[in-house]
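I have placed the structure first, in the form of structure tokens, so that the comments after it can refer back to it.
The values are calculated or read from the model by the stated rules, or taken from the named source; none is laboratory data. Keep in mind the model is a prediction, meaning the values are calculated, not measured. Glycine also receives a Cβ, built like all others from the backbone with ideal geometry; neighbour counts cover every protein chain displayed.
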Amino acid sequence: MKLFRSRKKKETSESKRRRVLFVSHEATRTGAPKIILNILKHFHAQCDIQCETLLHSGGFLASEFEQNGIVDCMNLPREPGEELTKRVAKFVGREKGNVPVMAVCNSMESRFVAEELANHGVPLISLVHELPSSYTHQDYTTVFDASHRIVFPVHAVREATEAFTDVPYGKGLVLSQGLLNPKFGTSITREESHQRIRQELGLPENAFIVLGCGTLDLRKGIDHYVNVARTAVSQNQSSTPIHFVWVGEGPRWTHSPYHYVQLDLKNSPARGHVHFIGEREDVEPYFMGSDAFLLTSRVDPFPCVIHEAMASSLPVITFSDSGGAAEAVGNGSGFVVPYGDYNHAGNVIRMLAGQPEIASGMREKSIERVHTRYRFDDYADKLIDVCESILGYEIRHQGMPATAMPPAPAATYPAAMPPTTTYAPAMPPATMPPASAPSDPANSVGTYPSTIPMHTRPPVPSYGHDQQRAA
């Protein structure tokens with residue numbers, strides 16, 4: 001990819017527009033790149049700025065980034081070094097007398113670019129999607145020192161980070177990204193998808209499909225997924241066959257996680273009931289044609305597939321203590337089972353397969369929740385608010401209203417997330433009540449600090465509270 005698009009001399013006035021940078025570690029069709037791409041598109045449409053993107057490496061979505069502004073795909077390792085320093089400096093200084101006024105850095109994986117941008121005095125917002133299990137204290141120090149604001153996607157990620165290291169006072173806030181495509185779940189009917197997917201995979205018409213989605217690796221828990229399948233299928237005594245369909249690709253070579261889960265399936269009753277169908281450009285029919293969504297990740301801060309499952313009105317089953325999904329499925333729109341408990345997860349799946357009326361009652365709650373609480377435009381609007389609060393001036397096009405959000409009520413959050421509901425192992429699935437997800441603190445999504453020593457900067461709009469949850 002060329003470093004910069006060519007500019008004609010008659011565009012001189014455009015070159016002096018305020019420059020805002022968007023940083024991504026890659027441009028693959030995975031969650032984090034899709035999030036920053038959607039943010040870029042929203043800023044490009046709503047703001048009077050010149051959007052520019054820095055990519056560590058490329059991917060399928062690189063052309064979409066380029067449609068929304070200048071792109072530099074560096075194709076460099078994600079590590080500090082002289083070459084990275086030179087490339088960032090060249091990008092920052094490519095317009096004489098017009099340095100970037102702001103940068104939005106996506107993911108901990110962009111931390112070294114963030115550090116270089118901070119060295120050039122560019123104000124930064126860092127989106128920290130990750131849980132701290134994969135990073136060091138120094139990694140967080142790099143991000144925190146470079147950033148004016150640190151945005152966490154859910155309280156679970158923020159609290160895990162605070163338990164691991166100190167988050168600088170006044171910098172951290174919680175904003176939950178939303179459904180990437182607000183029309184997801186509307187372009188194809190459930191009936192059409194139901195028939196299409198079963199015909200494609202050669203499954204019985206009455207098959208109950210449990211969908212999984214993601215890379216074929218241990219982080220996404222494909223071994224957990226298979227073990228839940230083995231448990232559910234082996235204990236299923238109803239006339240409804242249960243099948244597990246995983247959309248997504250990854251290593252399939254010898255000694256990969258995929259290799260070993262296939263060995264587990266070889267002599268299991270679930271053989272022939274678990275289908276790894278690879279990557280699909282359009283995943284919507286698979287969500288719409290399924291009957292439940294199973295998230296078995298070991299570490300997954302706030303996966304986008306949860307929103308897509310909810311938009312497809314699927315009951316969601318997720319492990320506790322593995323990320324922020326439990327926060328998303330509150331209000332009766334999903335089940336939270338103890339981490340790694342295959343029997344409990346299998347019991348829930350058999351209950352849903354045997355008692356469809358339970359799932360039908362949850363479908364409305366799922367779709368209503370995702371379209372009211374997890375709207376991506378609301379999330380991106382709040383990020384613009386944060387940018388404007390740091391800059392001290394508006395960047396929206398004239399006539400574009402700022403986010404109209406009422407202040408959150410006084411913080412009345414419990415000291416910790418309530419324990420997830422578990423099921424008695426001996427409880428028969430036919431009488432098992434639905435699991436209750438963690439509580440749903442009012443207005444907890446999109447919480448901004450209420451009191452910040454901002455020095456000369458104007459205050460951040462107060463959508464909530466940046467304090468420890470108090471009893």
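Values for this structure:
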| item | result |
| --- | --- |
| Out of N343, N331, sole residue that is surrounded by fewer than 19 Cβ atoms within 10 Å (Cβ to Cβ) and at pLDDT below 95 | N331 |
| Pairs, first closer than 18 Å to I35 by Cβ in region 149-172, second at pLDDT below 95 and aromatic (F, W, Y), C-beta under 6 Å, six or more apart | P153/F302; V154/F302 |
| Checklist (1) surrounded by 13 or more Cβ atoms within 10 Å (Cβ to Cβ); (2) in contact with a Gly (Cβ under 9 Å, 6 or more places away or on another chain) applied to R271, failing item | (2) |
| Selection count, region 323-364, where residues are of a type in the set (D, E, K, R), out of contact with any Pro (no Cβ under 7 Å at 6 or more places or on another chain) and assigned to a helix (DSSP H, G or I) | 3 |
| Qualifying residues in region 279-316 (those that are β-branched (V, I, T) and touching a residue at least 40 places away in the same chain (Cβ under 8 Å)) - the one surrounded by the fewest Cβ atoms within 10 Å (Cβ to Cβ) | V299 |
| 3 or more residues at pLDDT 95 or above and out of contact with any Gly (no Cβ under 9 Å at 6 or more places or on another chain): qualifying strands (runs of 3 or more DSSP E) within region 79-177 | 102-106, 124-127 |
| Per-region count, region 126-140, residues crowded, with 19+ Cβ neighbours inside 10 Å and over 17 Å from the mean Cα position of the chain (by Cα) | 2 |
| Residues being within 25 Å of the chain's Cα centre (by Cα) and either over 22 Å from I242 (Cα atoms) or among the polar types (S, T, N, Q) (or both) - total across region 321-366 | 16 |
| Residue in region 254-264 that is nearest to the chain's Cα centre (by Cα), counting only those that are surrounded by fewer than 18 Cβ atoms within 10 Å (Cβ to Cβ) and of a type in the set (S, T, Y) | S256 |
| Of residues in region 45-64 being buried (at least 19 other Cβ atoms within 10 Å of the Cβ) and in contact (Cβ under 8 Å) with a residue 60 or more places away in the chain, the one farthest from the chain's Cα centre (by Cα) | I49 |
| Pairs with Cβ under 9 Å, 6+ apart, first in region 180-198 and closer than 13 Å to H307 by Cβ and not assigned by TED's automatic domain parsing to the domain that holds I306, second surrounded by 13 or more Cβ atoms within 10 Å (Cβ to Cβ) and among the polar types (S, T, N, Q) | L180/N38; N181/N38; F184/S312; G185/S312; G185/S313 |
| Selection count, region 167-191, where residues are charged (D, E, K, R) and under 19 Å from I125 (Cβ atoms) | 1 |
| Scan of region 93-123 for residues that are under 27 Å from F152 (Cβ atoms), without any contact (Cβ under 8 Å) to a residue 60 or more places away in the chain and not polar (S, T, N, Q), ordered by number | M108, R111, F112, E115, E116, A118, H120, G121 |
| Selection status of M400, at pLDDT below 70 and exposed (fewer than 15 other Cβ atoms within 10 Å of the Cβ) | yes |
| Where a residue in region 339-360 is assigned by TED's automatic domain parsing to the domain that holds N227 and its partner, wherever it lies, is in a helix (DSSP H, G or I) and surrounded by fewer than 15 Cβ atoms within 10 Å (Cβ to Cβ), with Cβ under 8 Å and at least six apart | M351/A430; G354/A430; Q355/A430 |
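For every residue, the table says whether it meets (1) more than 22 Å from C304 (Cα to Cα); (2) modelled with pLDDT of 95 or more; (3) part of a loop (DSSP other than H, G, I, E, B); (4) out of contact with any helix residue (DSSP H, G or I) (no Cβ under 6 Å at 6 or more places or on another chain).
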site	(1), (2), (3), (4)
E11	yes, no, no, yes
V20	yes, yes, no, yes
R29	no, no, yes, yes
A32	no, no, no, yes
I36	no, yes, no, yes
K41	no, yes, no, yes
T53	no, yes, no, no
G59	no, no, yes, yes
V71	yes, yes, no, no
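Every residue, every condition in (1) outside any loop (DSSP other than H, G, I, E, B); (2) buried (at least 19 other Cβ atoms within 10 Å of the Cβ); (3) out of contact with any Cys (no Cβ under 8 Å at 6 or more places or on another chain); (4) on the phi > 0 side of the Ramachandran plot, yes or no:
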| position | (1), (2), (3), (4) |
| --- | --- |
| I209 | yes, yes, yes, no |
| G212 | yes, yes, yes, no |
| D217 | no, no, yes, no |
| A232 | yes, yes, yes, no |
| Q237 | no, no, yes, no |
| V247 | yes, yes, no, no |
| R252 | no, no, yes, no |
